[in-house]
Structure formats: structure tokens, C-alpha cells
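Report on the following structure.
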Amino acid sequence: MRDPLHATRWRTIMTMMLGIALAAIAVVWAFLLAPVSQQLVVPTLREVPLANASPVGEFNAGAFAARIWDLPPQPSERPPDAPSPQQKSTAPAIPPFRLQLIGIISEDGRPLCAAFYDPDQDCLLLLHAGDAASGRTIASVDEAGVELLVGDRVERVVLDPHQSHDAGGRRP
């Protein structure tokens, strides 16, 4: 019976030899047998037709006046959505809050921002006060957590889940 260590060593050496042989074949094919183009044609500026070119002295500033990108309105600039009569009669069911608060971001001179992970969409959401997510509106963001408005209720989400309380002081 053959020793397993010797068999493994033999297979490793044979695999390496096969790899070296394949690499050598690839090198021979690439450098010796591959067809080489006899003439490389590179156009120069003199060969390019300049029929539609304008004189060098003219500058068309109107080309830069086109609006190619419009930023979305800021949360404070968005018009309030007016609910339709059907929406007023039936209260929509609010889905369970599945977002996970993973951090509070503080930048110099800017309001605090809450970083939530959405496991359903596998994405990171950066939300400020007034933004809406998962059927809730961000009421405020402080260094300890976030207050969410759900209809007339206030929910609090904190970074440490052992300290999470809703508006009534109860644990969720």
C-alpha cells in the first residue's frame, strides 16, 4: 500500500508540471504563433476632417446654459402631501420597524444624522429630522438616539438596545 503523504506529494508535483507546460504553451502561442499586424494605422490630426469646426476665436457660452442635472428638493422645501379622501377614511397599517440604528453622524456645523441599516433592501440610510422611513417620521436626532413619530405616538430608538423606551417610559 502506498503512503498517503508520498501520493499527495507526487500529485502536487505532477499538477505543477502540468501547469508549467500549459503556461509554456500559452507563451509560445502568444509570442511566436499569433498573427502580427503588418501595419498599424493611427490617424493624425491632419487626417481628421475639420469641416464642422468653428474658428478658434469664437466661444459659445450658451452651450453651458443647459440644465443637465436638477437636485431633488430638500426636506424643508418639499410640499406637504395632501391625503386623498380615501386615505382619510382608512388608516393605513404601519409596517413593523425593521431598520437598525447603527450610528449617529456628527459633522461640524450640520445637524445630526442617523445611520440606519435596512435589512430588507440591504442598504444604509442616512436620515435627518423630518425625513420619513418605514412608515415613520424622524422627529429628532440626538447623540443618544432617534425619536420617531408614528401617527400620534413617539417611539425612541437608541444605540444601546437595553436603554430603548417609548414615550410612555415602557420597554418595547
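Some points to look at:
- Checked against (1) surrounded by fewer than 15 Cβ atoms within 10 Å (Cβ to Cβ); (2) modelled with pLDDT of 85 or more, Ser140 meets all criteria but (1).
- Residue count for the stretch 102-135, restricted to those that are surrounded by fewer than 12 Cβ atoms within 10 Å (Cβ to Cβ), among the charged types (D, E, K, R) and under 21 Å from Ser76 (Cβ atoms): 3.
The values are calculated or read from the model by the stated rules, or taken from the named source; none is laboratory data. Just so it is clear, the model here is predicted, and its values are computed rather than measured. FYI the Cβ positions are ideal-geometry reconstructions off the backbone, even for glycines, and counts take in every protein chain you see.
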